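Let me begin by presenting the structure, written as structure tokens, before commenting on it.
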Amino acid sequence: MTTFVDRVELYAAAGNGGHGCASVHREKFKPLGGPDGGNGGRGGDVILVVDQSVTTLIDYHHSPHRKATNGAPGAGDNRSGKDGQDLVLPVPDGTVVLDKQGNVLADLVGEGTTFVAGQGGRGGLGNAALASARRKAPGFALLGEPGEARDVVMELKTVADVALVGYPSAGKSSLISVLSAAKPKIADYPFTTLVPNLGVVTAGSTVYTIADVPGLIPGASQGKGLGLEFLRHVERCSVLVHVLDTATLESDRDPVSDLDMIEDELRLYGGLDDRPRIVVLNKIDIPDGQDLADMIRPDLEARGYRVFEASAVARTGLKELSFALAGIIAEARAAKPKEEATRIVIRPKAVDDAGFTVKQEEDGIFRVRGEKPERWVRQTDFSNDEAVGYLADRLSRLGVEDQLMKAGARSGDGVAIGPEENAVVFDWEPTMMAGAEMLGRRGEDHRLEAPRPAEQRRRDREAERDEAQQEFEGFKPF
């Protein structure tokens, strides 16, 4: 089983935020000392970071589901919950992160480069943080936000200066084994190389990396053979080296047609037209190979290619090839703009964006979309009447009710806050701004028509007593 994996699907789930605490301070001779519920902790993030010691994505192939820890809930006595621990996932240099639709989210190149694949949820506020002049003792707290869950695709694109491309069994693995210290598998049958091999070459004062890409065949850009899986590994290279077999045993092939086929596949794949090319006529140690190389070399040079003759077995022509590649790479590196020290610019994400939209859908429901109202809904404990009333006040202050009226909403119309797959739907009843004077017992709000079950039972008992009292007072003895 191969240990090289260059494409995986990762299911990253950030940690949920901890719930806030609703608590009242109590001590001797001070039974009601005010709210003291602490805030919930933040959920942990899922972070991808480039690590040079990691060369494959196989760990995520076997364990694709990764989740950060949740934040701890708040507690009484103003104790905030502990933040969740971030989950740091090391990935190889050259990893590209895409969404399920194929859009590039991040291109991770360079040691220490990071990308947040999942944002942890914020912790809910405790009732101590929700206390105000109008609401001195809130009987509720805010819930923690759920962490971001995202499915991403990670693709590894090898970071190399030189890419050896050619037909299967053209001698690419043999060349990289003698040019560098790499020890790839070498055999006399096609598709011996199943994974890209990397080697480091030193030519004078220039040190560069060279990659042996698995053999390409006609139709590789459409997925035939191994081409579509490994063509991505030549995207980052500075120079392409065509390795042509001058001693092929197949009668219907020759080095020139092999070169044309490989160039067609590279053109169909796209994005490689600007890379310089070098042609290596390999296996000239075989008599027929040397004769064929002498025959086709003028034609290739007439096309504008720099042509080198080499033999990995006889170790001839390797020094000239190595220094020629070093010269091209040195020029490419010099042409690149000089890297400057990265300036750290902090751009915090706005958390008080008041923008929202109200739109009536075909089924008559008015849908409210916006960062603030959707976050407030996620943080509301709908089992607590006072918390629901607090949400109604916030939405009214934000202007949601005014926009609903302008959009034509009437009493009893359906209103949904949030996306279709995860929305809170309710029948809208226009309310008026109110403060603490509208609140009853802790955890209740008089503006809600449906009382809590315990409150309903209490009211029913009081109504029965009143009815019995009226009947008793109206009784007259004979």
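Please treat every number below as a calculation from the coordinates, not as lab data. Keep in mind it's a predicted model, so treat the numbers as computed, not measured. As a convention, Cβ positions derive from the backbone with ideal geometry for all residues, glycine included, and neighbour counts pool all protein chains shown.
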**Request:** Could I have the simple spin-label model distance between Gln403 and Asp260, label points 7 Å from Cα toward Cβ, reported in nm to one decimal?
**Result:** 6.3
**Mean shadow area of the range 97-187 over all directions, Cα convex hull, nm²** = 11.6
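Would you please give the FRET efficiency between Lys100 and Val207, computed as 1/(1 + (r/R0)^6) with r the Cβ-Cβ distance and R0 = 41 Å, to the nearest 0.05?
The pair Lys100/Val207 has a calculated efficiency of 0.55.
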**Asked** Roughly how large, in nm² to one decimal, is the mean projection of the convex hull of the alpha-carbon atoms in the range 1-56?
**Response** 7.5
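Where does the range 1-155 land on Rg/Rh, using Cα atoms and the Kirkwood Rh? Mind showing how you got there, number by number?
Values: Rg = 20.7 Å, Rh = 17.2 Å.
We get a ratio of 1.21 for the range 1-155.
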**Asked** So, in nm, how far is label Ala131 from label Arg410 when the simple model puts each one 7 Å beyond its Cα toward the Cβ?
**Response** 4.6
**Distance violations [Cα-Cα > 29 Å] among Lys30/Lys372; Lys82/Lys372; Lys372/Lys406; Lys67/Lys359; Lys100/Lys372; Lys82/Lys359** = Lys30/Lys372; Lys67/Lys359; Lys82/Lys359
**Asked** Given a Förster distance of 30 angstrom, what is the FRET efficiency for Glu361 paired with Asp151, based on the Cβ-Cβ distance and rounded to 0.05?
**Response** 0.65
**Asked** Stretched out fully, how many nm does the piece from Ala334 to Ser63 gain, at 0.36 nm a residue minus the Cα gap?
**Response** 93.4 nm
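Would you mind calculating the gained length between Lys82 and Ala314 on full extension (0.36 nm times residue separation, minus the Cα-Cα distance), in nm to one decimal?
On the way: separation 232, 0.36 × 232 = 83.52 nm, distance 6.61 nm.
Full-extension gain reported as 76.9 nm.
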